[in-house]
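Engineer: Here's a structure for you.
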Amino acid sequence: MLTARLEHEQEPVIYLAGEMDLDCVDLLRETVEKVGEGADMIILDFADVTFIDSSGTGIFVRLCLDLQVAGVKLRARSIPPVVAQVFDMLKVYALVGDEVFPS
Amino acid sequence: MQHLPSRRPPTLRVFRYRDGATSLQNVVGDGDLPLPEADLLKWARDALDQQTFVAQTVPFEGTTHSNELCFIPRDDHCDILSIHADSRRRHHGDHRRSLLEILNDLAAAVACGRLRFLDPDELAQELALGEAVLECPLTDSATVATARTDVTDALEHLGFSRERREETVLCLSEASTNAVMHGGGRGTLRLMRLDGRARMVVADRGPGLGFMNWFEAPGGSQASMGYGYHIILEHIDDVALSTGPGGTTLILDQHPRRPEVTPSC
């Protein structure tokens, strides 16, 4: 199960924890909606994500692309190896753009 | 005389030629043969005699339709993979791989012996093997998550390293999610022990696999199945598949350690 905690730091940061699978679609969208209008950047922190599959990856990619269309920059940080391997395999960096993953 | 295909979405068909046979066996898919049987038999015999991979593109004259065919010799038989493609539709958006790439991926996995398409008799034989370790229902995403946890624990007992467990459970998650999403909502997972390997059998009673969903990129129109089978073919040592109108069974055999890759693959 995935949990998401929203913190308003310099930018709004969503701290994800747990498993990102098919089930996380509503949670992610609802949490992003809580950020509200006016934010031009949202940060997703993956440090405590323990598992992701192609469904979870697909939901993340869809969210990125939708936010890009809406003019909101999404940035992903603290990607653990278990997530990075799947993102790599599924060519996520090419799909959403390298700028989503600032080094 | 070739018949123009109906306006169905492109689908994968698999036929099998057994050495000396006078007709082809239908292994995946149904309906008319994509080409006259005599042509397919000749190409299959050639592939088997010469033990060579044969690819054929057979266009339907005056149209954008074609049959893409791969003939893959395996021991005493030749598997024939066929995709009926409309070249105008070959690319579905920037990120979607072409049907031909899908066909080549599947054919390469069959040629390497990592993917087998099972007919009903072969499926029955395979399902009789192994010693049951655990069984989980697959009805929704919560049961898939439970299956991941239970299988992770069981694989540890079977001597799988952490890295190996992670990639195996990822593949299990892909197969199980597919069974839940497209398999009629009542799937099962069985974990077996078989000759020092773990065997995971994911079965559902859905309408059969829609192959063209297999390789959709993440974030495509259908977030559920992005590249799931790409991951499975990449990480699982031996994959066997039976699919048809009565349901789909996927068998994933995994050694505790990653085998040495053979040079031909």
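Read the figures in this text as sums done on the coordinates, not as results from a lab. Keep in mind the model is a prediction, meaning the values are calculated, not measured. Quick reminder, even Gly has a Cβ in these numbers, built from the backbone with ideal geometry, and neighbours come from all protein chains shown.
Engineer: Provide the FRET efficiency to the nearest 0.05 for the B:GLU234-B:ASP19 pair, computing r from the beta carbons and using R0 = 51 Å.
Structural biologist: Efficiency, from the Cβ-Cβ distance: 0.95.
Engineer: Sticking with this one: Using only the Cα atoms of the stretch B:12-111, build the gyration tensor, take square roots of its eigenvalues as a ≥ b ≥ c, and label the shape rounded, prolate or oblate: rounded if a/c is under 1.5, else prolate if a/b is larger than b/c, else oblate.
Structural biologist: Here the stretch B:12-111 falls in the prolate category.
Engineer: In whole angstrom, note down how far apart the Cα centers of the stretch B:146-163 and the stretch A:23-101 are.
Structural biologist: 27 Å
Engineer: What percent do you get for the relative contact order of the stretch B:12-111 when only Cα pairs under 8 Å and 6+ apart count?
Structural biologist: 25 percent
Engineer: How big is the charge dipole of the protein assembly as shown about its Cα centre, in debye rounded to the nearest 20, if each Lys and Arg gets +1 on its Cβ and each Asp and Glu gets -1 on its Cβ?
Structural biologist: With Lys and Arg at +1 and Asp and Glu at -1, about 480 debye.
Engineer: Follow-up. How far is it, in nm, from the label point at A:THR3 to the one at A:GLU30 when both lie 7 Å from their Cα along the line to the Cβ?
Structural biologist: 1.4 nm
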